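Worksheet for the structure shown next.
Read-outs throughout are calculated quantities, based only on the coordinates presented, and are distinct from any laboratory measurement. Not measured: the values here are computed from a predicted model. Here Cβ is always computed from backbone atoms with ideal geometry, including for glycine, and neighbour counts include all displayed protein chains.
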Amino acid sequence: MKLKNHLLISLPLSGAVYLLTRSVYSSLACFCMGVFIDLDHIFDYLLYSNFKFSIRGFFDTCNGYKLKKFYLVLHSYEILILSWALYLVSRNKILLGFNIGYTVHLLVDQFANYSKPLTYFFTFRLLNKFENVFEGRKLSPGFKNLKV
Ligand SMILES: [Zn+2]
């Protein structure tokens, strides 16, 4: 999903987290995870472009599904599950906001991108050698109006 859409979702979500936790740090953690886990696309793009970075090239490549390999290390339900387990043990408010932002980000990507059901499991990507983990340009049901 595009950065703009993650921003539009993360702003009200982090506001709701603030109302829930009364913690600015929890709210900020939610916002950051809702938006900035997409920074892992930079690693994939750098590998694709032989470490030649340009902003335009980055967005054209990532939004156009031109990458050949999708490592997307932070886009992994395995990490999310571990993080929720850590929250259950610690009951830390910042970690709660972090996890809410992380969960919503992954779920939105799951349903708005051209992903396969298991795409956002790192294990699935690893078993597929990080290739062919997206469905190509087919639209996901319910998201036909989103420009991804
Ligand atoms: Zn994402």
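Laid out as a table, the results:
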| read-out | value |
| --- | --- |
| Among 99, 128, 113: highest mean-square fluctuation, GNM of the chain, C-alpha pairs under 10 Å | 128 |
| Extended-chain gain in nm, criterion 0.36 nm per residue less alpha-carbon gap, residue 128 and residue 5 | 41.4 nm |
| Given charges at beta-carbon only (K, R positive; D, E negative), |dipole| of the chain in Debye | 300 debye |
| Listed residues 27, 14, 90, most fluctuating in the chain (Gaussian network, C-alpha, under 10 Å) | 90 |
| The chain: most fluctuating residue of 132, 92, 63 per GNM, C-alpha cutoff 10 Å | 92 |
| Restraint check, 2/129; 4/68; 2/93; 68/93; 52/116, Cα-Cα greater than 32 Å | 68/93 |
| Förster radius 35 Å - calculated FRET efficiency between residue 107 and residue 53, Cβ distance, rounded to 0.05 | 0.75 |
| Packing-based exposure ordering (other Cβ within 10 Å, fewest first) of 31, 59 | 59, 31 |
| Cβ-placed point charges (K, R +1; D, E -1), dipole of the range 21-97 about Cα centre in debye, nearest 20 | 100 debye |
| Dipole-positive endmost among 32, 86, 12 within the chain (Cβ charges, Cα centre) | 12 |
